[in-house]
Structure formats: structure tokens, C-alpha cells
Amino acid sequence: MGERLGGLGLLMLMATLLSACVGGVEPPRSGPPPVDRAGDPADSRAGNRPDEPVRVHPSRDTGASPNIRGIQAPARIIGAVPMLASPVVPAVEPANAAAAGVIPGPSIASLPIDDAQAQAAFAAFVTSCPSLVRRTDTSGLTRGAEWQPACTAAGSTDRRSARTFFAQWFETAQVGDGKAFATGYYEPEIAGSLERRDGYAPIYGRPSDLIDVDLGAFSTSLKGKKVRGRVDRSNLVPYYDRTAIEQGAIAGRAPILAWARDPVELFFLQIQGSGRLRLPDGEILRIGYATQNGRDYTGIGALMKSRGLLQPGQTSMQGIVAWLHAHPAEGQAIMRENKSFVFFRELEGAPLGALGLPVTGQVSAAADVKFVPLGAPVFLSLDRQDASGLWIAQDTGGAIKGSNRFDTFWGAGAAAEATAGGMAGRGTAYLLLPVGTVARLNTQASGARYGGPSAQP
């Protein structure tokens, strides 16, 4: 779930405003298999016949998130004065957080974390614990076993003691220069139908001829690199791009999960990576990211800005949507310049992040796994009051790259959409790592510089 912003000034703001959490070439989503909506005995528990779709009734699933950050609808930006990062000279294009350098931050007890934030973050951290313990941390900061004491303690900690828990088991760390940039994403809700209707656009599941290729299986020099494509005779070729797909290239090759009333809203739902379809009878069908066609993502905001299509007051996501609706032919052509296309699967329950675990509005954030251990807490001190505070890094994004780059998740609904669509917070980021991590990292770094035994992990 958002890769929305990433650069200096309004041009770069728009260049990535439309790049949500799953818009990149290889967003590593995972989770339970697609829902089988035929013949599932569990259907009867929901009052549906086995041959009917399982739907989530809106009265039981509002999508609302606890308002722990005081967001309002319509959104009202409240400024804040961020904490200052310690001055350092960052490494040039560091490979990961360990290479960027880590220094101690302020004590956790000194951070302005209120009880509501701490308790919500604690619940999300507990959910992430199994992944933190078993995952290989590509940031180079932690080892799985180092998270075990905190995770074990969390199991016997009363949620009301969350602030004390974080202060006891964690320390803050500034990665590189600590200068944070945070954007926002949300779970959109669009109108849809399970039956085909005039003017509606198909919402596709994974095509049967889409192939994932792990290039590392062919050469060690390509380890970690993947491509997607299709077989054409004896050749592997790029998969169909957005234009070809919308013109019917995959008809009969991919299941149609549902139909979206508005193609523009469906485009943005693809950018966000998951969302809610409100069906004609008022019920909700949740869909989430299944895979992507392997084509590079292009943020259309930059194209529109460079062509002079956006006027003052149109630089938010809402303004861009309004322009696309007002210029349907030109809008379709612009959207097709983004060759990336997302395929969905049906979901039950909350939207899932890169860990395959539910993400929580106003709590979960996306980060670059090369700079943040996925599942770790992070404290953001920004020039936006609503985005400042404690978050849990539970997701990733194709354009959420580099140290101190975050995409905050705001849940569903009008307030979430308004807040996420205009989010561009700058300030300072501190990771919360197991106590003793910073000292160990600096000892290793010193040993590496002088060739001593402490250079060994």
C-alpha cells in the first residue's frame, strides 16, 4: 500500500504525487491466497448461499481507523516545528542504513508520544514481531535474535503500558543525516459492480500467461533482480502495457473480478494498491494487489505539470482527478503513458502490507527495506502535526526509496483521502531499535575501518 512524493519543489512533488505504495516495478506484496467465492462452506456463516459472493456488509466494516492523530474532514493542515537532526556528512548513495551510518538519537522518554499513539503502535508492533524475528534485515542494522527480547516482553505487557514498553526495550537511532520526507497513501473506495455495465472498466486478476523470472537463478551477478513477461514462441518478451491491456490484449487470459464505474478512479486504485468496491446494493468488496505487469511506473503528475495542464489549486491528487474527468480523451492518453498495470485479488479483512499482515490507518507506514527493518517502529518529527509521532514500518513502495523516506497510511474514508492526498511532511526521523544496537553497529564500523576482529558480524 504509498510511493507518492520524492524530490524538491513543486515539480518533484507532482512528479511522484501519483505514485502510491505499489506503483513500482517490484513491490513485494504477500498475503493469504485469493478468496474462493464458490462452494466455500464458510459462506453459510455469513448468511450467503455457497454459490454467492462473500461480501463484507458496510455496517460491519466501515474502514474507519482510530483517530489517534486528530485528522479532520475536510482536512486542515496544522503546522509543527520538527526536531533537528544531528549534523552529519552522509555517505554518497549508501547501499543500506549500515553504510549510511547510524548515530544515537534522543531518549525515547523525551519524545512527544501520547498514550493513544503508543498503544496503537504497540498493537501493530506485536503483529510484526514474528516477521522481525525471522526475516533477514537487508538494512544491515539488526539481527532477528535481537528483536526477540522485546517481542517476548510484548507478549506479557499490558497495552496501557505501551509508552513504558517502548522506552524500556528500544533506543532511537538516526540513519545518515536523519532528514525525513513523508508522504501519504490511503485505501480508496470506488463504485463498482459484479456484473458488466456500459462504461464500466474491468478489474483484472492475475493473467494466466504472466511469468515471473528470478534472474538470480541464472547468474549470481543478477541476484535479487526479477522481471515479468510472457512467452512469445520461444522468446520471453515484456508483458502487455497499459494501453494494450485496456484495448483487450488479455481478454480470456485474466479473470475479471469486478467492474469499476469510473476508469479514473480505477487508475488511482491501482496506484494505491488496494481498495474497496462499493457495489450497487451498498455492500463492500475488498480487493488488493496481486501482481503487476513488470512495466516501469510513470507518475503522470510530472507529465501534466511539465505540459502546463495543472493550474494553481490543481496540484493535489483531487485536483488532478478533476482535470482527468474534465478532459476524458486527453486524460486517457495521459494515464496510458504510465505503462505499469496492477492486477488484483479479492481480500477479506483489512488491507495487507508487504509483510502479508494487515496495515492500520494512522499507524502503519511504508519504508525502504534497505534502510528500515520491516516491522520496526519509527518516530517522525515533521512540519505536519498530523503525521508526527510513532509509526510502524509494515509496508514498502516502488518509489519509497532511500534513507528517511516514508509513506504514511491513513486508512479509508474522506478524511483519509484528503490527508493522504496532500501529505508532504519534512523533518527528522528516528528508528526505534533494540537497546544496544547502535553501540554494536559503531563498534563494527570501527573494527571495519581498522581491520580488527570486530568487523565480523
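The values are calculated or read from the model by the stated rules, or taken from the named source; none is laboratory data. Please read all numbers here as calculations on a predicted model, not as lab measurements. We place every Cβ from the backbone using ideal geometry, glycine too, and count neighbours over all the protein chains shown. SASA here: full protein model, heavy atoms, side chains in, ligands and nucleic acids out. Shrake-Rupley method; radii C 1.70, N 1.55, O 1.52, S 1.80 Å.
Looking for whichever is among the hydrophobic types (A, V, I, L, M, F, W, C), over 29 Å from GLY199 (Cβ atoms), open to solvent by less than 30 Å² (accessible area, probe 1.4 Å) and in a strand (DSSP E or B) here; the options are VAL237, VAL213, VAL227. Which one fits? Of VAL237, VAL213, VAL227, the one residue that is among the hydrophobic types (A, V, I, L, M, F, W, C), over 29 Å from GLY199 (Cβ atoms), open to solvent by less than 30 Å² (accessible area, probe 1.4 Å) and in a strand (DSSP E or B) is VAL213. Against the definition (β-branched (Val, Ile, Thr), over 29 Å from ASP177 (Cα atoms) and surrounded by 15 or more Cβ atoms within 10 Å (Cβ to Cβ)), how does THR157 come out, yes or no? So THR157 fits the description; yes.
Looking across ALA150, ALA123, ALA98, ALA109, one residue alone is open to solvent by 40 Å² or more (accessible area, probe 1.4 Å), under 17 Å from LEU390 (Cβ atoms) and in contact with a helix residue (DSSP H, G or I) (Cβ under 8 Å, 6 or more places away or on another chain). It is ALA109.
When ALA415 is tested against (1) small (Gly, Ala, Ser); (2) at pLDDT 95 or above; (3) not in a loop (DSSP other than H, G, I, E, B), only condition (2) is not met. In the set (1) farther than 18 Å from GLU171 by Cα; (2) modelled with pLDDT of 90 or more, SER65 fails one condition alone, (2).
The one condition from (1) in a helix (DSSP H, G or I); (2) of a type in the set (Gly, Ala, Ser); (3) open to solvent by 40 Å² or more (accessible area, probe 1.4 Å) that SER86 does not meet is (1). Filtered by the rule that a residue be of a type in the set (S, T, N, Q) and over 30 Å from VAL89 (Cβ atoms), the stretch 158-185 gives SER161, THR164, GLN168.
Considering only residues in the stretch 252-266 that are touching a strand residue (DSSP E or B) at 6+ places or on another chain (Cβ under 9 Å) and either closer than 23 Å to PHE409 by Cα or aliphatic (A, V, I, L, M) (or both), the one that is surrounded by the fewest Cβ atoms within 10 Å (Cβ to Cβ) turns out to be ILE256.
The condition of being open to solvent by less than 10 Å² (accessible area, probe 1.4 Å), within 11 Å of ASP395 (Cα to Cα) and not hydroxyl-bearing (Ser, Thr, Tyr) holds for VAL372. Residues in the stretch 289-309 that are open to solvent by less than 40 Å² (accessible area, probe 1.4 Å), in a loop (DSSP other than H, G, I, E, B) and closer than 16 Å to ALA333 by Cα: GLY299 only.
ILE271 meets all of the listed conditions (1) open to solvent by 30 Å² or more (accessible area, probe 1.4 Å); (2) closer than 27 Å to THR408 by Cβ but one, namely (1).
Take the stretch 344-359 and flag every residue that is buried (at least 24 other Cβ atoms within 10 Å of the Cβ) and touching a helix residue (DSSP H, G or I) at 6+ places or on another chain (Cβ under 7 Å). Hit for the stretch 344-359 is LEU355, nothing else.
Residues that are in contact with a helix residue (DSSP H, G or I) (Cβ under 9 Å, 6 or more places away or on another chain), open to solvent by 10 Å² or more (accessible area, probe 1.4 Å), among the aromatic types (Phe, Trp, Tyr) and not in a strand (DSSP E or B) do not occur anywhere in the stretch 177-193.
Here ARG286 meets the list (1) among the basic types (Lys, Arg); (2) at pLDDT 95 or above; (3) open to solvent by less than 50 Å² (accessible area, probe 1.4 Å) almost entirely, failing just condition (2). Considering only the stretch 324-340, I want to know if a residue exists there that is under 28 Å from ALA95 (Cα atoms) and part of a strand (DSSP E or B). Within the stretch 324-340, none of the residues are under 28 Å from ALA95 (Cα atoms) and part of a strand (DSSP E or B).
Any residue at all in the stretch 210-225 that's touching a Phe, Trp or Tyr at 6+ places or on another chain (Cβ under 7 Å), of a type in the set (A, V, I, L, M) and under 24 Å from ILE334 (Cβ atoms)? No. Here the stretch 240-251 is the region considered, the condition is being of a type in the set (D, E, K, R) and part of a helix (DSSP H, G or I), and the residue that is least open to solvent (accessible area, probe 1.4 Å) is ARG242.
The residues on offer are LEU236, LEU279, and the sole one that is more than 30 Å from THR360 (Cβ to Cβ) and over 25 Å from the mean Cα position of the chain (by Cα) is LEU236. Is one or more of the residues making up the stretch 376-383 part of a loop (DSSP other than H, G, I, E, B), open to solvent by less than 10 Å² (accessible area, probe 1.4 Å) and modelled with pLDDT of 95 or more? Looking through the stretch 376-383, at least one residue is part of a loop (DSSP other than H, G, I, E, B), open to solvent by less than 10 Å² (accessible area, probe 1.4 Å) and modelled with pLDDT of 95 or more. Among the residues that make up the stretch 165-174, is at least one of them farther than 30 Å from PRO377 by Cα, open to solvent by less than 30 Å² (accessible area, probe 1.4 Å), part of a strand (DSSP E or B) and not β-branched (Val, Ile, Thr)? No, the stretch 165-174 contains no residue that is farther than 30 Å from PRO377 by Cα, open to solvent by less than 30 Å² (accessible area, probe 1.4 Å), part of a strand (DSSP E or B) and not β-branched (Val, Ile, Thr). It is to be established whether one or more residues within the stretch 137-144 are at pLDDT below 90 and open to solvent by less than 40 Å² (accessible area, probe 1.4 Å). No, the stretch 137-144 has no match at all.
For the subset of the stretch 310-323 comprising residues that are under 24 Å from TYR185 (Cβ atoms) and not in a helix (DSSP H, G or I), which member is least open to solvent (accessible area, probe 1.4 Å)? So, considering only residues that are under 24 Å from TYR185 (Cβ atoms) and not in a helix (DSSP H, G or I), the one least open to solvent (accessible area, probe 1.4 Å) is LEU310. If the condition is being among the aliphatic types (A, V, I, L, M) and farther than 19 Å from THR360 by Cα, then the stretch 265-276 contributes only LEU266.
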